[in-house]
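The values are calculated or read from the model by the stated rules, or taken from the named source; none is laboratory data. None of these values were measured; they are calculated from a predicted model. Virtual Cβ from ideal backbone geometry, glycine too; neighbours counted across all protein chains shown.
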């Protein structure tokens, strides 16, 4: 299954996105996380093709990241950044004529998914949150290094940072080395460095918190996925969501860090695809 790339008008700028499986009726939108050089490809390149065998898949670069147009006038705070990204996804759905979609959100993308569901719940079905900062009031030391990377953006600092995303570095070393090269090259682009600096110097974690009342009123089915050794978004965040979302399941992967979809790829695919298809009736002819 071929994944194609394209750009489409979303509001006052163009969004770059990956797409496949257009022949399928059900849509899954993949929303990536943050970090130096982050984009949709970095997060989802190893799962999109398999997903496109059964679903219409869309994976955009959030505004402020990757090949989506970067702002000419930047948001003044994290609230405005979030509003801009929520509207970007809704505009993208309209541009691609997607009336309703399921969501998979990683880290920041999980928080964006929750805000999308708060703003337009009628447009979203099942939601997967992976390492999402639903309850993240204070940054971990690893997250502090991520948010301040632009202060000293060397390749060695990036190597250290990205190595902390995985649990088993011995097994994942070749992958981490490859990602370091790709993401460091992307971070050299002036517009990406500028957006990163603007985003992380003008946003706070508390601006993105999901109110408990909002969680308790979300009627969607949720699947929470978390690596036990996630050093960027601790497991407690998903446990908090488990306490307050009414229709929710949690899967914890012991030998895993922040990147479940990479470090435990097969299990990620199995759990998430089962979640999206488990209620479908199979008819044999």
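Yes or no, residue by residue, for (1) part of a strand (DSSP E or B); (2) without any contact (Cβ under 8 Å) to a residue 24 or more places away in the chain; (3) touching a strand residue (DSSP E or B) at 6+ places or on another chain (Cβ under 7 Å); (4) more than 15 Å from residue 16 (Cβ to Cβ):
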residue: 58; (1), (2), (3), (4): yes, no, yes, no
residue: 73; (1), (2), (3), (4): no, yes, no, yes
residue: 86; (1), (2), (3), (4): no, no, no, yes
residue: 91; (1), (2), (3), (4): no, no, yes, no
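When you scan the stretch 119-166, how many residues do you find that are in a loop (DSSP other than H, G, I, E, B) and in contact (Cβ under 8 Å) with a residue 40 or more places away in the chain?
15
Need the failing condition index for residue 116 against (1) crowded, with 24+ Cβ neighbours inside 10 Å; (2) in contact (Cβ under 8 Å) with a residue 60 or more places away in the chain, just the number.
(2)
Can you confirm whether the stretch 14-21 contains a residue that is within 20 Å of residue 270 (Cβ to Cβ), in contact with a helix residue (DSSP H, G or I) (Cβ under 8 Å, 6 or more places away or on another chain) and in a loop (DSSP other than H, G, I, E, B)? Outline the logic, then answer.
First pass over the stretch 14-21, keeping only residues within 20 Å of residue 270 (Cβ to Cβ): 20-21.
Within this subset, residues satisfying the condition of being in contact with a helix residue (DSSP H, G or I) (Cβ under 8 Å, 6 or more places away or on another chain) are 20-21.
Of the ones still in play, those that are also in a loop (DSSP other than H, G, I, E, B) are 21.
Checking the stretch 14-21: at least one residue is within 20 Å of residue 270 (Cβ to Cβ), in contact with a helix residue (DSSP H, G or I) (Cβ under 8 Å, 6 or more places away or on another chain) and in a loop (DSSP other than H, G, I, E, B).
Tell me yes or no: at least one residue of the stretch 204-224 is over 26 Å from residue 139 (Cβ atoms) and surrounded by 14 or more Cβ atoms within 10 Å (Cβ to Cβ).
Yes; the residues of the stretch 204-224 include at least one that is over 26 Å from residue 139 (Cβ atoms) and surrounded by 14 or more Cβ atoms within 10 Å (Cβ to Cβ).
Can you tell me which of (1) surrounded by 15 or more Cβ atoms within 10 Å (Cβ to Cβ); (2) free of Cβ contacts under 8 Å to residues at least 60 places away in the same chain; (3) more than 22 Å from residue 107 (Cα to Cα) is the one residue 54 doesn't meet?
Of (1) surrounded by 15 or more Cβ atoms within 10 Å (Cβ to Cβ); (2) free of Cβ contacts under 8 Å to residues at least 60 places away in the same chain; (3) more than 22 Å from residue 107 (Cα to Cα), only one is false for residue 54: (2).
Considering only the stretch 169-203, how many residues are outside any helix (DSSP H, G or I) and surrounded by 15 or more Cβ atoms within 10 Å (Cβ to Cβ)?
So the first thing to find is which residues in the stretch 169-203 are outside any helix (DSSP H, G or I), and the list is 188-189, 202-203.
Now drop any that are not surrounded by 15 or more Cβ atoms within 10 Å (Cβ to Cβ), which leaves 202-203.
Counting residues in the stretch 169-203 that are outside any helix (DSSP H, G or I) and surrounded by 15 or more Cβ atoms within 10 Å (Cβ to Cβ) gives 2.
Taking the stretch 244-269 only, how many residues are exposed (fewer than 15 other Cβ atoms within 10 Å of the Cβ) and either modelled with pLDDT under 95 or closer than 26 Å to residue 164 by Cβ (or both)?
Number of matching residues: 4.
Between 64, 33, 37, 21, which is over 22 Å from residue 110 (Cα atoms) and crowded, with 18+ Cβ neighbours inside 10 Å? Give the steps one after another, and end with the answer.
Values: 64 fails: over 22 Å from residue 110 (Cα atoms); 33 fails: over 22 Å from residue 110 (Cα atoms); 37 fails: over 22 Å from residue 110 (Cα atoms).
Only one candidate passes the filter, namely 21.
Suppose the filter is in contact (Cβ under 8 Å) with a residue 12 or more places away in the chain, assigned to a helix (DSSP H, G or I) and surrounded by fewer than 19 Cβ atoms within 10 Å (Cβ to Cβ); does residue 231 pass it? Full working, then the answer.
Working: in contact (Cβ under 8 Å) with a residue 12 or more places away in the chain: yes; assigned to a helix (DSSP H, G or I): no; surrounded by fewer than 19 Cβ atoms within 10 Å (Cβ to Cβ): yes.
Criteria not met by residue 231.
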